[in-house]
Amino acid sequence: QVQLVESGGGLVQAGDSLSLSCATSGFTFSSYTMGWFRQAPGKEREFVAGIRWGDGMTDYADSVKGRFTISRDNAENMVYLGIDSLKPADTAVYYCAATRNYAAITSRQYAYWGQGTQVTVSS
């Protein structure tokens, strides 16, 4: 059975750094592009970052470019999201997702989803 489980969220202060993890099983991880999305209260889910299968090329939303870093470990079936210089606007539930598409930046393109992990940034 396919599973994606996020971890690493919590309550942090503005300016801090945070690392999120997503542990996966039940599918051929190395053949899937992985993505991170987030959803803040009262807002739509938005694409944050993606890392492509095969060559490992990355994609970032303009709003997070330079502060967020996505990476993957195919040997461990893990994908990570590093966040620097956290801002209150980063407060959201962060979701890990998987797709067979080479490059994908919309939620409808992703087949598998985790349950999400809450990131709360205080000022």
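The values are calculated or read from the model by the stated rules, or taken from the named source; none is laboratory data. Values in this document were obtained by computation on a predicted structure and should not be read as measured data. No Cβ is skipped: glycine too gets one built from the backbone with ideal geometry, and neighbour counts run over all protein chains shown. Remember, those area values only see protein heavy atoms, side chains included, never the ligands or the DNA or RNA. Shrake-Rupley method; radii C 1.70, N 1.55, O 1.52, S 1.80 Å.
Under a 1.4 Å probe, what is the accessible area of the chain per residue, stated in Å²? Don't jump to the answer; show the numbers that get you there.
On the way: 6370 Å² over 123 residues.
That works out to 52 Å² per residue.
So what's the projected area for segment 7-109, the Cα convex hull averaged over all directions, in nm²?
Quarter of the Cα hull surface area: 6.4 nm².
Can you tally the net charge around residue 100? Count Lys and Arg as +1, Asp and Glu as -1, for every other residue whose Cβ sits under 14 Å from the Cβ of residue 100.
On the way: positive: 52, 108; negative: none.
Result for the neighbourhood of residue 100: +2.
State the percentage of accessible surface on the chain attributable to carbon and sulfur atoms; use a 1.4 Å probe and exclude ligands, DNA and RNA. Intermediate values should be presented prior to the final figure.
On the way: 2910 of 6370 Å².
Reported share for carbon and sulfur atoms: 46 percent.
Could you sort the peptides 93-104, 72-83, 15-26 by per-residue average Cβ neighbour count (10 Å cutoff), highest mean leading? Could you put the intermediate results ahead of the total?
Numbers: 93-104: 19.8, 72-83: 17.8, 15-26: 15.4.
Answer by packing, highest mean first, reads 93-104, 72-83, 15-26.
Can you tell me the length gained on complete extension of the stretch residue 65 to residue 25, counting 0.36 nm per residue apart and subtracting the Cα distance?
Extending this stretch completely gives an extra 11.5 nm.
Under the rule of at least 5 residues apart or a separate chain, name every residue whose amide H is placed under 5 Å from the amide H of residue 16.
86
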